[in-house]
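Just below is one structure, and these are the notes that go with it.
The values are calculated or read from the model by the stated rules, or taken from the named source; none is laboratory data. Nothing here was measured: the structure is a model prediction, and the numbers come from that model. Glycine also receives a Cβ, built like all others from the backbone with ideal geometry; neighbour counts cover every protein chain displayed. Remember, those area values only see protein heavy atoms, side chains included, never the ligands or the DNA or RNA. Shrake-Rupley method; radii C 1.70, N 1.55, O 1.52, S 1.80 Å.
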Amino acid sequence: MIEQLPNREARRLFLHLHALGDAPGRPFRRKDVPELIHRIGFVQVDSIRTVERAHHHILFSRANAYKPDWLHHHLERERTLFENWTHDASVIPVEFFRYWRPKFHRTRERLMSRDWWRERLGEDYEETCARVKAHIEENGPVRSRDLTAEESHHDGTDENKAWWGWKPSKSALEHLWRTGELAVSAREGFQKVYDLAEKVVPPEHFGAEVHDEEFVDWACRSALERLGFATPGELAAYWDAITPAEAKDWAERQDHGTAVPVEILNADGSVRRHLARPDALDIANEVSPPPGRVRFLSPFDPALRDRKRLQRLFGFDYRIEVFVPEEKRQYGYYVFPALEGDRLTGRIDMKADRPAGVLRIRKLWLEPRLSLTAQRRARIEAELQRWLRYLGLERAEGDGFEVTL
């Protein structure tokens with residue numbers, strides 16, 4: 001008989017495994033950053049700084065003592081983390097680098113099958129990549145602007161263009177990074193500094209070899225460990241490293257010692273069958289309820305990445321509207337989901353006005369059938385105060401809120 005996990009317990013298990021069930025005000029030090037990222041798997045990197053960049057926001061949501069310099073310390077000095085690609089650019093534990101080697105090979109084949117990349121690398125893309133890599137071997141780390149200042153775009157023009165108009169050398173740097181020959185050694189502002197991967201990744205992690213069968217097994221096991229329960233498609237999507245067919249084949253070969261079938265009760269009352277880690281039900285029964293406080297989550301939080309899963313589990317329909325024309329947006333450009341205990345109870349549109357020292361609140365929306373009770377207002381105001389302290393701002397105001405430190 002297949003056991004069923006009630007919706008509330010499934011939510012709490014999921015939040016616990018994503019480090020959102022812990023008290024974010026607990027003691028947390030710089031040395032704890034790699035362990036936290038290892039627990040949640042990866043932290044997506046993004047340049048948008050409406051309030052705070054995603055990679056810092058994700059960590060602050062889980063540990064209020066976190067400071068942005070701590071992430072840079074581990075990326076650029078300790079080298080306990082590295083930056084590459086999952087479903088998007090992400091910070092990843094360096095001990096996983098060995099599993100990126102077969103991923104690099106797959107990425108190379110995929111990128112070079114696309115006209116977009118071949119066009120931007122130029123007609124002789126192999127020569128372009130070899131030239132860029134040789135320049136770094138001879139001269140050391142570079143930024144894209146160090147190579148592209150005198151270079152034309154792939155179509156021969158020199159006009160300023162958006163990111164999809166990369167010049168050949170910029171495209172080569174990104175290609176070599178995505179395929180593992182280069183690594184990001186540092187960032188200046190938000191601009192990548194590229195170096196040879198063997199000079200960035202510690203030798204004990206750089207040289208390890210992993211074959212395809214071990215790679216697929218690791219990708220599925222490690223995803224299931226962090227998701228708690230998943231379909232084969234969700235296992236494949238977690239790292240975006242293997243195909244759904246490979247994940248399905250892996251799932252069919254497991255026994256009860258590695259994975260067990262379980263039925264998850266969704267927020268709408270429907271039931272869906274998943275594969276679960278063997279201890280999932282025990283953890284779900286033992287885990288404490290998440291803190292009742294409100295937390296504003298980054299749109300790129302790993303707990304929110306799978307929007308369909310999010311809607312099934314929490315009954316929360318969410319998408320980021322950055323690329324949606326303003327007149328067609330339902331909420332706003334960059335809106336933050338609000339986690340309250342084990343429920344997603346609303347979303348807030350806010351922006352840091354740093355010159356004025358103000359966190360401006362455009363609008364708060366609560367989910368249907370929820371109201372802004374005195375207790376909920378107090379929790380939201382407490383979260384706004386936490387953000388004011390983190391950002392170094394003086395007050396938050398708008399949509400009926402007036403909060404000062």
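For the stretch 356-391, the residues whose amide N sits under 18 Å from a probe point set 7 Å from the Cα of residue 190 along the beta carbon direction are 391.
Around the amide H of residue 85, modelled in the peptide plane, lie the amide H atoms of 90, all under 5 Å away and 5 or more residues distant in sequence or on another chain.
Within the accessible area of the stretch 268-317, the carbon and sulfur atoms contribute 45%, probe 1.4 Å, all protein chains present.
Only aspartates and glutamates eight or more places from residue 31 in sequence, or on another chain, were considered; those with a Cα closer than 19 Å are 22, 69, 76, 78, 83, 95. Among beta bridges identified by DSSP and lying wholly in the chain, the antiparallel ones come to about 90 percent. Of the trypsin sites (Lys or Arg not before Pro) found in the stretch 1-76, those in coil by DSSP whose Cβ has at most 13 other Cβ atoms within 10 Å are 29. Considering helices alone, the calculated mean residue ellipticity of the chain at 222 nm is -11500 deg cm²/dmol, with DSSP H runs of length four and up weighted by -39500 (n - 2.57) and normalised per residue. Charge dipole of the chain (Cα centre as origin; +1 on each Lys and Arg Cβ, -1 on each Asp and Glu Cβ, all else neutral): 1640 debye, rounded to the nearest 20. Here residue 103 is the anchor, and the lysines within straight C-alpha reach of less than 22 Å, apart from those fewer than 8 places off in the same chain, are 133, 170, 192, 199, 248. Taking chymotrypsin sites (Phe, Trp or Tyr not before Pro) in DSSP loop states with no more than 14 other Cβ atoms inside 10 Å as exposed sites, the chain has its longest site-free stretch at 1-189. Amide H contacts of residue 5 (H built 1.01 Å from N, in plane; Pro and chain starts excluded): 263, 264, 265 sit under 5 Å, all sequence-distant by 5 or more or on other chains. Here the extension length gained between residue 123 and residue 145 equals 5.8 nm, from 0.36 nm per residue of separation less the Cα-Cα distance.
Here the 3J(HN,Hα) profile of the stretch 101-117, calculated from phi with Karplus coefficients 6.51, -1.76 and 1.60 at θ = phi - 60°, is 4, x, 5, 4, 4, 5, 5, 4, 5, 5, 5, 7, 8, 9, 4, 3, 5 Hz, Gly and Pro shown as x. Of 284, 300, 348, which is farthest towards the positive pole of the stretch 262-405's charge dipole, taken about the Cα centre with +1 and -1 on the beta-carbons of Lys, Arg and Asp, Glu respectively? Value: 300.
Could you tell me the center-to-center distance, by alpha carbons, between the stretch 317-331 and the stretch 285-304 in angstrom? About 23 Å separates the Cα centre of the stretch 317-331 from the one of the stretch 285-304. Only Cα pairs under 8 Å and 6+ residues apart enter the sum, and on that basis the relative contact order of the chain stands at 17 percent. Where (i) 20.7, 79; (ii) 22.4, 68; (iii) 21.3, 64 are the candidate values, the label of the one calculated here for Rg and Dmax of the Cα atoms in Å is (ii). The Rg/Rh ratio of the stretch 211-317, with both radii computed over alpha carbons and Rh defined as the Kirkwood radius, is 0.98. Here the calculated FRET efficiency for residue 399 and residue 252, from their Cβ-Cβ distance with R0 = 60 Å, stands at 0.75, rounded to the nearest 0.05.
Simple spin-label estimate for residue 137 and residue 213 gives 3.5 nm between the two label positions (7 Å along the Cα-to-Cβ direction from each Cα). Based on protein heavy atoms only, the chain ends up with 46 Å² per residue of surface accessible to a 1.4 Å probe. Taking all protein chains as shown and a probe of 1.4 angstrom, residue 133 keeps an accessible surface of around 50 Å².
3J(HN,Hα) along the stretch 131-144, derived from phi through the Karplus expression 6.51 cos²θ - 1.76 cosθ + 1.60 where θ = phi - 60°, amounts to 5, 5, 5, 5, 4, 5, 4, 8, 10, x, x, 9, 9, 4 Hz, with x in place of Gly and Pro. Compare the Cα positions of 86, 48, 59 along the charge dipole of the stretch 32-104 (+1 at Cβ of Lys, Arg; -1 at Cβ of Asp, Glu; about the Cα centre) and return the one farthest towards the positive end. Final value for the positive-end residue is 86.
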